[in-house]
1. For a quick protection proxy, order the peptides 93-104, 4-15, 32-43 by their average other-Cβ count within 10 Å, most packed first.
2. Carbon and sulfur together cover what percent of the accessible area of segment 32-109 at a 1.4 Å probe radius?
3. FRET efficiency for R54 and S104, Cβ-Cβ distance as r, R0 = 22 Å, nearest 0.05?
4. Suppose R0 equals 30 Å; then what is the FRET efficiency for L35 and W13 from their Cβ-Cβ distance, rounded to the nearest 0.05?
5. Please pull out the direction-averaged projected area of segment 1-72, using the convex hull of its alpha-carbon atoms, in nm² to one decimal place.
6. Where does the charge balance sit around K92 when Lys and Arg score +1, Asp and Glu -1, over other residues with C-beta under 9 Å from its C-beta?
7. What is the spread of the Cα atoms of segment 35-77 along each of their three principal axes, largest first, in whole Å?
8. Under a plain spin-label model, where a point goes 7 Å from the Cα along Cα-to-Cβ, how far apart in nm are F6 and V28?
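The values are calculated or read from the model by the stated rules, or taken from the named source; none is laboratory data. Keep in mind it's a predicted model, so treat the numbers as computed, not measured. Don't worry about glycine lacking a Cβ; one is built from the backbone with ideal geometry, like all the others, and counts go over all protein chains shown. Ligands, DNA and RNA are excluded from the accessible area calculation, which covers all protein heavy atoms including side chains. Shrake-Rupley method; radii C 1.70, N 1.55, O 1.52, S 1.80 Å.
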Amino acid sequence: CLEVEFDISGVFWFAAGNDLAQIPQSLVSRFQVFLILPPTGRTALQVARHAAARALERVGADLEPLDEELILAIAHLTPREVTQAVTHAAHKALAASRRKMHISDLPPGLVEVESKTPWLDTDDLDDLWSARLARPGDVLH
């Protein structure tokens, strides 16, 4: 055991968590809490486009980029969920010998707003994200 004095008064402690309610209050009280909300509106659309493009690159097949209907349908998802959904859709399209993915290729139950999609305004994404935050623990299969 090495006994050395070390001044840690200048150390900035940082912690991250996905669910503040699951962290003991005795620990939370020692930190300044910053809530980082997910992107909304146009930013959410940009994140979905970027995550979808990266997912298609990883699939490695010659597929068409997602059209705006599909982007709007997945924009309420986290980037990880977008990747999972696009990968799933890409494999379904490929299995059907198609280069273009359809909304029906997305995992079942994923597109809660399917009936709203054609006229979904970017401001409506705020409501979608709020609903998304109210349902932690969703898993795509």
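1. Values: 93-104: 14.0, 4-15: 5.7, 32-43: 11.1.
Those peptides, ordered most packed to least, come out 93-104, 32-43, 4-15.
2. On the way: 2470 of 4500 Å².
It is 55 percent, rounded to a whole number.
3. On the way: r = 23 Å, r/R0 = 1.03.
Efficiency at R0 = 22 Å is approximately 0.45.
4. On the way: r = 18 Å, r/R0 = 0.60.
Plugging the Cβ-Cβ distance into 1/(1 + (r/R0)^6) gives 0.95.
5. Values: hull surface 41.6 nm².
If I average the Cα hull's projected area over directions, I get 10.4 nm².
6. Details: positive: R98; negative: D105.
For residues surrounding K92, the net value is 0.
7. Per principal axis, max minus min of the Cα coordinates gives 38, 21, 12 Å.
8. Placing both labels 7 Å beyond Cα along the Cβ direction yields 3.0 nm.
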